[in-house]
Amino acid sequence: MRIHRTAPTRAFSVFSNALLRDRSLSGCAVGVLAYLLSLPSGVRVAVRTLAARCEETRARVAVALRELEESRYLRRVVRKAEGSGQFAITREVFDTLYDGRPPAGESEEVRNPARALRQRLAPA
């Protein structure tokens, strides 16, 4: 096989071969991850948008996102909004496997408030 590559000039993304060859990920999950990594930081993307972009069903994209989460390429972070007290879920996407610890400066309570609340209310 002969591979022809163009020289990147602007608006390109670089992915590790390890990420692209990870056998634990389906093709759909690799595609979703590559697309997410190509987006600017802070952008909001819905499952519906991903499904339309990847030409997959919403259910298949949801499965791919769970697959990425289980493989530690994606992390859902739950935070409590200070003013309203409501919970907001954000996704963090990684180009390599992240370690399982909470992000610096965050406790498990911030990451998973529902679990922290159950632990506080559980009888001792």
I want to confirm something. Restricting to the stretch 70-83 and keeping residues that are loosely packed, with under 14 Cβ neighbours inside 10 Å and of a type outside the set (Lys, Arg), which single residue is farthest from Val32 (Cα to Cα)? Gly83
If you go through the stretch 41-54 one residue at a time, do you hit one that is in contact with a Leu (Cβ under 7 Å, 6 or more places away or on another chain), at pLDDT below 90, closer than 18 Å to Asp95 by Cα and hydroxyl-bearing (Ser, Thr, Tyr)? no
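Among the residues of the stretch 22-43, which ones are under 17 Å from Glu69 (Cα atoms) and not small (Gly, Ala, Ser)? Steps first, answer last, please.
Of the residues in the stretch 22-43, the ones under 17 Å from Glu69 (Cα atoms) are 22-37.
Across the stretch 22-43, the qualifying residues are Asp22, Arg23, Leu25, Cys28, Val30, Val32, Leu33, Tyr35, Leu36, Leu37.
Each row is one residue, and each column tells you yes or no for (1) farther than 17 Å from Tyr98 by Cα; (2) hydrophobic (A, V, I, L, M, F, W, C); (3) touching a Pro at 6+ places or on another chain (Cβ under 8 Å).
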position: Ala29; (1), (2), (3): no, yes, no
position: Leu39; (1), (2), (3): yes, yes, no
position: Leu50; (1), (2), (3): yes, yes, no
position: Arg60; (1), (2), (3): yes, no, no
Is it the case, given these coordinates, that Ala18 is touching a residue at least 40 places away in the same chain (Cβ under 8 Å) and more than 28 Å from Ala88 (Cβ to Cβ)? yes
Tally up the residues in the stretch 15-27 that are closer than 20 Å to Tyr98 by Cα and either within 17 Å of the chain's Cα centre (by Cα) or surrounded by 10 or more Cβ atoms within 10 Å (Cβ to Cβ) (or both), please. 9
Scanning the stretch 92-106 for residues that are modelled with pLDDT of 90 or more and not aliphatic (A, V, I, L, M), the one farthest from the chain's Cα centre (by Cα) turns out to be Phe94
Return only the number of the condition from (1) out of contact with any Ser or Thr (no Cβ under 7 Å at 6 or more places or on another chain); (2) assigned to a loop (DSSP other than H, G, I, E, B) that Glu92 does not satisfy. (2)
Taking the stretch 55-67 as the search range and keeping residues that are out of contact with any Lys or Arg (no Cβ under 9 Å at 6 or more places or on another chain) and in contact (Cβ under 8 Å) with a residue 24 or more places away in the chain, which one is nearest to Ser24 (Cα to Cα)? Glu67
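The values are calculated or read from the model by the stated rules, or taken from the named source; none is laboratory data. Note that the coordinates shown come from a computational prediction; the quantities given were computed from them, not determined experimentally. Here the Cβ is made from the backbone with ideal geometry for all residues, glycine too, and neighbour counts use every protein chain on show.
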